[in-house]
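The values are calculated or read from the model by the stated rules, or taken from the named source; none is laboratory data. Since we're looking at a predicted model, the values are computed, not measured. Ideal geometry is used to build each Cβ from the backbone, glycine not excepted, and the neighbour counts take in all protein chains shown.
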Amino acid sequence: METRFTPPRRLLLGPGPSDAHPRVLAAMSLPLIGHLDPAFLALMDDVKRMLRAVFRTRNELTFAVSGTGSAGMEACLVNLLEEGDEAVVMVNGEFGRRMTDIVERCRARAVAYEIPWGRAVEPEDVEKAIAQARSPKLVALVHAETSTGACSPIAELAPIVARSGALFVVDTVTSLGGCPVEADGWGIDACYSGTQKCLSCPPGLSPVTFGTRALEAVRRRRTKVQSWYLDLTMIEKYWGAERVYHHTAPISMNYALAEALRLVEEEGLEARFERHRQNHLALGAGLEALGFRFVVEPVRRLWMLNSVYLPALGEGHDEARLRRQLLDEFSIEVGGGLGAFKGKIWRIGLMGESSQRVNVIRLLEALEVMLPQAGVSVRPGAAVAAAEACV
Ligand SMILES: Cc1ncc(COP(=O)(O)O)c(C=O)c1O
């Protein structure tokens, strides 16, 4: 009897993971070597160098935390915060909310500044949030809010944070590799990401970069970092020159990340960003021709995550059923809404390898077949034509 798991072949157009390149998947099946083998240490150096390039930073402490994006989020916050500290968190979606939760678990005081879901964080929001705090040690926010599709203008927000003297912590889980992230240029002190979105690597590692000011804050701590596993003062001795064992590195995941980063390097960051932008525009034109409406205003829309309200469906139809049909009959995954958006929107990802013209057309063609069955009147071919016209 066949007992091996054979996953169905899907087209991943959800909020992550995205499709991984065959070279990345092949890298994961290479033979294992030890986590202190000189060949593995050389691979780690390559990963660090290539991560510096995607984060656009010169930060020495730039590496991949073992664990998914949430581990990166937690690594940044638990290392920077101690009991009694104060942190401002801009909350315009699910992931800002989670940062607040972690701040509180660090026994720090969270000043959570709530912004309606679907809106980006704007300069006046950051001004007001900082004004509500006493003396914040850091200001944290999400660049690309995957739960809503909003992209916050970090370049405009950073100077406001800098004037307050607080450290600036930014979540780039969904943005890194898909649109510009300028860790040094924007003055970000600590930044984390994930592998399974625009880097198109399986989930399992969290690229992180720490600048000088952030590192000084870690070194000035009065107390030990709450988490042993994520304690940067120990992890940096493994990823840095000393090569002291801390935990067994996820060897195959690092092979995969190195290969994914090589693919990014070969394509070039600017070309990659432009690809994401073009495919987003084409998809948007097609979706609007079908009666979908974007949640976010045009200038703040993410290129890699399209959050849209569905057209009014006929009696007895709902978004979850339609998504299930898309998966079962067309093998295409898209995401539903989270939190306040549950049952109301779709989140359609065009991340990394998944961001391809042919995928945009494949999805639109499927929708042109499915929507009339769900009681939506659609002009045959209109969506694909709108996307094709958008070059
Ligand atoms: C913006 C953002 N931050 C953090 C996370 C958490 O990452 P993970 O699910 O890889 O732990 C996600 C995951 O979707 C995300 O989109």
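Consider GLY185 against the criteria (1) away from the ligand (no atom under 16 Å from the Cβ); (2) closer than 20 Å to ALA129 by Cβ: it satisfies all of them except one. Which criterion is unmet?
(2)
Away from the ligand (no atom under 16 Å from the Cβ) and touching a residue at least 12 places away in the same chain (Cβ under 8 Å): is that true of GLU216 in this structure?
Answer is no for this residue.
Can you tell me which residue within region 102-151, out of those that are within 11 Å of the ligand (Cβ to nearest atom) and among the hydroxyl-bearing types (Ser, Thr, Tyr), is nearest to the chain's Cα centre (by Cα)?
Per the criteria, the residue is THR146.
Looking at (1) small (Gly, Ala, Ser); (2) surrounded by 21 or more Cβ atoms within 10 Å (Cβ to Cβ); (3) over 24 Å from MET304 (Cβ atoms), which one does GLY165 not meet, given that it meets all the others?
Going through the list (1) small (Gly, Ala, Ser); (2) surrounded by 21 or more Cβ atoms within 10 Å (Cβ to Cβ); (3) over 24 Å from MET304 (Cβ atoms), GLY165 breaks only (2).
Tell me which residues, restricted to region 134-165, are outside any helix (DSSP H, G or I) and over 30 Å from ARG293 (Cα atoms). Let's see the steps before the verdict.
Pass one, region 134-165, residues outside any helix (DSSP H, G or I): 134-153, 165.
Once the filter is applied, which keeps residues that are outside any helix (DSSP H, G or I) and over 30 Å from ARG293 (Cα atoms), region 134-165 yields ARG134, SER135, PRO136, LYS137, LEU138, VAL139, GLY165.
Looking at region 39-87 only, could you name the residues that are more than 16 Å from the ligand (Cβ to nearest atom), among the aromatic types (Phe, Trp, Tyr) and closer than 30 Å to SER164 by Cα?
PHE63
Which residue out of ALA285, ALA260 is farther than 12 Å from GLY177 by Cα and not acidic (Asp, Glu)?
Exactly one residue qualifies, and that residue is ALA285.
Contact list please: Cβ distance under 7 Å, first residue in region 148-162 and within 21 Å of ARG97 (Cβ to Cβ), second residue assigned to a helix (DSSP H, G or I) and not hydrophobic (A, V, I, L, M, F, W, C), pairs at least six apart or on different chains.
ALA150/ARG300; CYS151/ARG300; LEU157/PRO123
Restricting to region 72-116, give me the number of residues that are among the aromatic types (Phe, Trp, Tyr) and in contact (Cβ under 8 Å) with a residue 60 or more places away in the chain.
Of the residues in that region, 1 qualify.
With the checklist (1) touching a helix residue (DSSP H, G or I) at 6+ places or on another chain (Cβ under 9 Å); (2) surrounded by 13 or more Cβ atoms within 10 Å (Cβ to Cβ); (3) of a type in the set (Lys, Arg) in hand, flag the one item ARG323 doesn't pass.
(1)
Do the conditions hold for SER206, that is, is it under 25 Å from PRO38 (Cα atoms) and touching a Phe, Trp or Tyr at 6+ places or on another chain (Cβ under 6 Å)?
Criteria met by SER206.
How many residues are surrounded by fewer than 16 Cβ atoms within 10 Å (Cβ to Cβ) and either assigned to a helix (DSSP H, G or I) or hydroxyl-bearing (Ser, Thr, Tyr) (or both) when one looks only at region 366-391?
Within region 366-391, residues that are surrounded by fewer than 16 Cβ atoms within 10 Å (Cβ to Cβ) and either assigned to a helix (DSSP H, G or I) or hydroxyl-bearing (Ser, Thr, Tyr) (or both) number 6.
Just need a number here: residues in region 118-133 that are farther than 16 Å from VAL170 by Cβ, of a type outside the set (Lys, Arg) and in a loop (DSSP other than H, G, I, E, B).
Count: 3.
Of the numbered conditions (1) modelled with pLDDT of 95 or more; (2) under 24 Å from THR172 (Cβ atoms); (3) not aliphatic (A, V, I, L, M), GLY375 satisfies every one except a single condition; which is it?
(2) is the only condition that GLY375 fails.
Taking the condition assigned to a loop (DSSP other than H, G, I, E, B), within 15 Å of the ligand (Cβ to nearest atom) and modelled with pLDDT of 95 or more, does LYS197 pass?
Here the answer is yes, as LYS197 does meet what is asked.
Test GLY178 against the criterion of being modelled with pLDDT of 95 or more, part of a loop (DSSP other than H, G, I, E, B), within 16 Å of the ligand (Cβ to nearest atom) and in contact with a His (Cβ under 7 Å, 6 or more places away or on another chain), and give yes or no.
Judged against the criteria, GLY178 is a match.
Return yes when ARG58 is touching a residue at least 12 places away in the same chain (Cβ under 8 Å) and more than 30 Å from GLN132 (Cβ to Cβ) and no when it is not.
yes
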